[in-house]
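Taking it in order: structure first as structure tokens, then the write-up.
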Amino acid sequence: MIERLGLPGLADVHTHFLPPRMQRRVWEHFDQAGPLIGRPWPITYRGEEHERVATLRGLGVTMFSALAYAHRPQMAADLNDWTLGFAARTPGCLPSATFFPEAGVEAYAKLALDRGARIWKLHLQVGGFDPRLPALEPVWGLLAEAGTPVVVHAGSGPVAAGFTGPGPIGEVLARHPGLGVIIAHAGAPEYEGFLELAERYRDVRLDTTMAFTDFFEEMAPFPPALRPRLRELGLGGKVLLGSDFPNIPYRYEHQLESLDRLELGDDWLRAVCWTNAQALFAPRG
């Protein structure tokens with residue numbers, strides 16, 4: 001697809017690189033996820049860190065992230081230290097950070113910004129917290145002012161939680177309309193509600209992570225009637241390639257094939273797979 005579209009590479013805003021011990025625990029969780037989601041979730045791209053980086057580059061991915069997320073207090077600052085260090089030693093990786101509603105969150109978020117964080121990650125489903133908590137208000141304001149987007153798993157797929165769906169994060173956006181939010185997984189399964197947020201707010205975007213693939217289509221099919229709106233958002237800079245690499249139960253290429261079969265056109269694919277992320281993460285200064 002890269003050659004057909006005449007692209008210099010792929011920009012994938014939703015990939016994961018974690019400290020080795022945490023990475024092993026995440027894979028163990030996916031190994032046991034079958035009863036939770038009703039089907040197995042085998043990890044396709046296990047391997048050492050350097051092997052996974054080489055795999056991405058071999059696939060043509062030249063911009064990617066190291067998204068980590070805290071699911072309990074006193075994790076985020078240490079994760080930020082690791083992910084920012086990983087980006088510093090890994091060409092092509094966007095400096096990535098996370099936060100959690102806890103004492104000191106504003107201070108370590110400021111520190112991560114000072115260290116160059118360009119993309120953030122929150123997982124409302126796994127973290128199980130309300131994004132409207134007062135402890136997070138100063139951080140939302142800080143990130144809105146800095147212009148650094150947050151990839152938020154706010155959709156209820158694959159399993160709903162108390163603060164998923166477009167409502168809670170939508171209330172945050174109503175208070176911080178300039179906040180940059182990238183809705184992970186295109187908001188599955190509440191696709192339409194999250195498309196509406198992207199249409200309403202200038203700095204809300206969607207990523208394609210696992211959306212439209214056979215794996216997700218069996219659980220949460222994307223309504224064909226929404227394709228024209230998805231096309232307009234993509235051409236308007238508001239849809240970005242995401243994959244969930246390495247934690248995917250199929251070949252990476254299947255994500256690209258799934259986007260292609262939407263039949264939204266090569267201009268849309270160029271925008272989603274490269275141009276939109278390049279514009280969003282253009283060098284500063």
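Restricting to region 251-282, what's the tally of residues that are among the hydrophobic types (A, V, I, L, M, F, W, C) and under 19 Å from R227 (Cα atoms)?
Narrowing region 251-282 to residues among the hydrophobic types (A, V, I, L, M, F, W, C): 256, 259, 262, 264, 268-269, 271-274, 277, 279-282.
In the following step, the residues that additionally are under 19 Å from R227 (Cα atoms) were identified as 256, 259, 262, 264, 268-269, 271-273.
Total satisfying the criteria: 9.
Condition check ((1) open to solvent by less than 10 Å² (accessible area, probe 1.4 Å); (2) in contact with a helix residue (DSSP H, G or I) (Cβ under 9 Å, 6 or more places away or on another chain)) across all residues:
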position: H14; (1), (2): yes, yes
position: P19; (1), (2): no, yes
position: R25; (1), (2): no, no
position: F30; (1), (2): no, no
position: L56; (1), (2): yes, yes
position: Q74; (1), (2): no, no
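Name the residues in region 81-93 that are open to solvent by 10 Å² or more (accessible area, probe 1.4 Å) and in contact with a strand residue (DSSP E or B) (Cβ under 8 Å, 6 or more places away or on another chain), would you? Hits for region 81-93 are L84, A87, G92, C93. Out of the residues in region 192-228 that are more than 15 Å from the chain's Cα centre (by Cα) and hydroxyl-bearing (S, T, Y), which is least open to solvent (accessible area, probe 1.4 Å)? Here the answer is T213.
Applying a threshold of 6 Å to beta carbon distances and a minimum spacing of six or more residues, or different chains, the list of pairs starting in region 196-217 at a residue that is under 23 Å from T275 (Cβ atoms) and ending at one that is open to solvent by 60 Å² or more (accessible area, probe 1.4 Å) reads Y201/P177.
Listed here are the residues, each with its yes/no results for (1) modelled with pLDDT of 95 or more; (2) out of contact with any Leu (no Cβ under 7 Å at 6 or more places or on another chain); (3) more than 23 Å from L241 (Cβ to Cβ); (4) charged (D, E, K, R).
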| site | (1), (2), (3), (4) |
| --- | --- |
| E49 | yes, yes, no, yes |
| V53 | yes, yes, no, no |
| G58 | yes, yes, no, no |
| V61 | yes, no, no, no |
| A66 | yes, yes, no, no |
| A70 | no, no, yes, no |
| M75 | yes, yes, yes, no |
| W82 | yes, yes, yes, no |
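Yes or no: R231 open to solvent by 50 Å² or more (accessible area, probe 1.4 Å), closer than 24 Å to V61 by Cα and part of a helix (DSSP H, G or I)? It is true that R231 is open to solvent by 50 Å² or more (accessible area, probe 1.4 Å), closer than 24 Å to V61 by Cα and part of a helix (DSSP H, G or I).
The values are calculated or read from the model by the stated rules, or taken from the named source; none is laboratory data. Predicted, not measured: the structure shown is a model, and the values here were computed from it. Here Cβ is always computed from backbone atoms with ideal geometry, including for glycine, and neighbour counts include all displayed protein chains. We work out accessible area using only protein heavy atoms, side chains counted, and drop any ligands, DNA or RNA first. Shrake-Rupley method; radii C 1.70, N 1.55, O 1.52, S 1.80 Å.
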